[in-house]
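What follows is one structure encoded as structure tokens, with my remarks underneath.
Bear in mind these aren't lab numbers, they're just calculated from the coordinates by the rules spelled out. Small disclaimer: the values here were computed from a predicted structure and weren't measured. Here Cβ is always computed from backbone atoms with ideal geometry, including for glycine, and neighbour counts include all displayed protein chains.
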Amino acid sequence: MRIAVFYDYLQTIGGGERVALTLAKHLGADIITTESDAGLPGRAGFPGVRVISLGDILLQPPLKQLHASWKFTRARFDGYDFHFLIGNWAHYAGGRHHPNVYYCLTPTRSFYDQRRAMLARLRPPNRWIARVWSASHAWFERRSVRRCDQIIAISENVRGRVRQYYGRDASVIYPPVATSRFRFREIGDFWLSVSRMYPEKRIELQLEIFRRLPRERLVLVGGYSAGDLAERYLANLKPPPNVTLLGEIPEDRLLDLYARCRGFLTTAVDEDFGITPVEAMAAGKCVLATDEGGYRETVIPAKTGFLLPPDSEAFVRTLRQLDESALRSMKDDCIARARTFDEAVFVEKMKGLATGAA
């Protein structure tokens, strides 16, 4: 079979990018995208994946999102037997490419549950422009999704959003984690967080936690896509001396940090699923996460980590109680839990969708 994977853009290494690259690698598929960093597949550990670019797009929001949507709407690729659509804009290719499955990472949150928070961060007249754009583009999004043959959600959390905002049901296939690539080396002297640098990830909460724990260290890894207004958010963050922001780093270095960290923190608002906590568990590391969203589907409280309210006091109190013995005692349960989300399970289920529709 010839399979195409349509994905929004390949600009930074995140969960969605890993999903698209994993599919392309294991199904021998081509990735069709817009703005693309040619070196990203190799840095993410997927050398040799074929990427076809629809061309550069404007990077100023909301022109970036509008331009990407238009590119996918106009795209026409013959000769493929099946099409996966992944991301917030790639589903616009669904009208001309059948059979297809829309693998929904989430309905665009700035159009729905995060719309009010997104607008509050903007200044007039940008707020007025964003209000008009988000309302109108949400209508086009719902119309586009109706043209998709089938929807698969990445979690029960996202399945609920699909039902609420799109009025359609979806099956659930959890995203892939290559668990065999992760190793436990030690309970180190630093905590790790891996996240895109966006406001909805609550990076400022993590900084506050470690301001109150000056004897602990946090290493924060992650980048952002150009044109997502993350630069201003990142510039306003004031990390304390015991927090190190590394930005995007090569895959081998990230694997080493997972192997040597003390444990893992993640604090996103109602996370869609959350691949990084599963990666941390694959390395045998305890996860401290906010008690909401997809984290509830992966973290087993007091066995592979802790689900906590989104306030610094709860995290500080828990971190102070976790000595090396307690963290080491969770290692085997963490590794076992991560294996239930292994990429082999994902690939087999996605392959079944493609072959079943052919």
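Can you tell me how segment 185-329 classifies by the Cα gyration tensor, rounded, prolate or oblate, using a/c under 1.5 as the rounded cut? Because its axes are fairly even, with a/c under 1.5, segment 185-329 counts as rounded. What full-extension length gain, to one decimal in nm, is calculated for LYS349 and LEU119 as 0.36 nm per residue of separation minus the Cα-Cα distance? Stretched fully, the LYS349-LEU119 segment lengthens by 79.0 nm.
The tail of the calculated P(r) for segment 50-108 beyond 20 Å holds 24 percent of all Cα-Cα pairs.
Computed from the C-beta positions of GLN60 and ARG185, the FRET efficiency with R₀ = 41 Å rounds to 0.40. Counting 0.36 nm for each residue step from ARG143 to GLN321 and taking away their Cα separation leaves a gain of 59.0 nm. Here the gap between ASN236 and ARG215, fully extended at 0.36 nm per residue and compared with their Cα-Cα distance, gives a gain of 5.2 nm. Taken over the Cα atoms of the chain, the convex hull encloses 122 Å³ per residue.
Annotation for segment 306-324 versus segment 257-271: alpha-carbon center distance of 13 Å. With a Förster radius of 30 Å applied to the beta-carbon distance between ARG253 and ARG168, the computed FRET efficiency rounds to 0.15. Placing R0 at 35 angstrom, the Cβ-Cβ distance between THR73 and THR244 gives a FRET efficiency of 0.25 after rounding to 0.05. Fewest-first ordering of TYR103, TYR174, TYR295 by other beta carbons within 10 Å of each residue's beta carbon gives TYR174, TYR295, TYR103. Going from the residue with the fewest nearby Cβ atoms within 10 Å to the one with the most, VAL278, VAL347 rank VAL347, VAL278.
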